[in-house]
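A short worksheet on the structure shown next.
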Amino acid sequence: MTETSRRDRPLALVTGASSGIGRELARELAGRGFDLVVCAEDAELDDAARAFEESGAEVAPVRTDLRRPEGVDQVWSAVEAGGRPLAAAALNAGVGQGGPFVGTDLVEDRSIIDLNITSTVHLAKLVLTDMVARGEGRVLITSSVAATTPGTYQAVYNASKSFLQSFALAVRAELRDTGVTVTSLMPGPTETEFFERADMTDTRVGAGEKDDPVQVARQGVEAMLDGREKVLAGSLSTRATGAATAVLPDSVKAAVHGRMAKPGSAG
């Protein structure tokens, strides 16, 4: 591929791209002809980047911790170094932690806030300011079906996703008529490393049936590129459940979530 033809390819950014939904978002975008800037903090990123290159994408991997402001700046510097406008961005990096709030470590709680909320807002400010100045661009923010439910035994995580949901839809409304759209991706339980990392494998939700991250990513990318407001992603049953929760009282949703996420509930 010549340099001219390479630069004709659109550029996309994906955070949390080493595994799970983020990896599949990047793979989906590579398959659709995007070159990539991908970010994660773990060594799995190198393997993921090689897989994306096999799809024909030029890939710039950035291994950094987005909880640190300088980590966000490092990612944005990699975007700017490519010399091409960013056509799409999937702000997907996130982490969770299960357990009763008074029993979890404050360091872990703050880590969730720093990664899920603070880094997303920081990076969105950079990405969207640039896109609006150019009058074009697509952004996908990974929220969750959890955004609609008080997160009993996942209090900080669900609250972080509620923030992202509100943030994505509010900024979307502000950017109407700019040529830039923001889409909220709302997956349900998905077959990723999330539950293991969140110490939730002994819960009903952690041990239960989960959706395919390939399907979730495909639905998310399609919604983003179409400029849709949000997408309840995953299987038909997950989407139906997500739609049903919108009409339930918060007290009922909190109780149901508690039965699914309580430590030891899988047994």
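Can you report the number of residues in the stretch 152-179 which are part of a loop (DSSP other than H, G, I, E, B) and touching a residue at least 24 places away in the same chain (Cβ under 8 Å)?
Matching residues across the stretch 152-179 total 6.
Report whether or not Gly82 is farther than 25 Å from Thr238 by Cα, touching a residue at least 24 places away in the same chain (Cβ under 8 Å), surrounded by 15 or more Cβ atoms within 10 Å (Cβ to Cβ) and within 19 Å of the chain's Cα centre (by Cα).
Spelling it out, it is not the case that Gly82 is farther than 25 Å from Thr238 by Cα, touching a residue at least 24 places away in the same chain (Cβ under 8 Å), surrounded by 15 or more Cβ atoms within 10 Å (Cβ to Cβ) and within 19 Å of the chain's Cα centre (by Cα).
Being under 22 Å from Ala60 (Cα atoms), of a type in the set (Gly, Ala, Ser) and within 16 Å of the chain's Cα centre (by Cα) narrows it down to one of Ala159, Ala90, so name that one.
The conditions single out Ala90.
Looking at the stretch 55-79, which of its residues are over 13 Å from Ala40 (Cβ atoms) and either open to solvent by 60 Å² or more (accessible area, probe 1.4 Å) or among the hydroxyl-bearing types (Ser, Thr, Tyr) (or both)?
Answer for the stretch 55-79, where residues must be over 13 Å from Ala40 (Cβ atoms) and either open to solvent by 60 Å² or more (accessible area, probe 1.4 Å) or among the hydroxyl-bearing types (Ser, Thr, Tyr) (or both): Ser55, Glu58, Arg68, Pro69, Glu70, Asp73, Ser77.
So Ala90 fits all but one of (1) surrounded by fewer than 24 Cβ atoms within 10 Å (Cβ to Cβ); (2) closer than 18 Å to Pro213 by Cα; (3) small (Gly, Ala, Ser); what number is the exception?
(1)
Can you give me the number of residues within the stretch 229-242 that are open to solvent by 60 Å² or more (accessible area, probe 1.4 Å) and under 18 Å from the mean Cα position of the chain (by Cα)?
Count: 3.
Residue-by-condition table, conditions (1) open to solvent by 20 Å² or more (accessible area, probe 1.4 Å); (2) farther than 14 Å from Ser184 by Cα; (3) among the β-branched types (Val, Ile, Thr):
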| residue | (1), (2), (3) |
| --- | --- |
| Val221 | no, no, yes |
| Gly227 | no, no, no |
| Ala244 | yes, yes, no |
| Val247 | yes, yes, yes |
| Arg259 | yes, yes, no |
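Report, by residue number, each residue of the stretch 119-151 that is surrounded by fewer than 19 Cβ atoms within 10 Å (Cβ to Cβ), in contact with a strand residue (DSSP E or B) (Cβ under 9 Å, 6 or more places away or on another chain) and part of a helix (DSSP H, G or I).
Asp130, Val132, Arg134
The values are calculated or read from the model by the stated rules, or taken from the named source; none is laboratory data. In this text the structure is predicted, and so the values were computed from the model without any measurement. Counting neighbours? That spans all protein chains shown, and the Cβs are built from the backbone with ideal geometry, glycine included. Side chains are part of the model used for accessible areas, which takes the heavy atoms of the whole protein and leaves out ligands, DNA and RNA. Shrake-Rupley method; radii C 1.70, N 1.55, O 1.52, S 1.80 Å.
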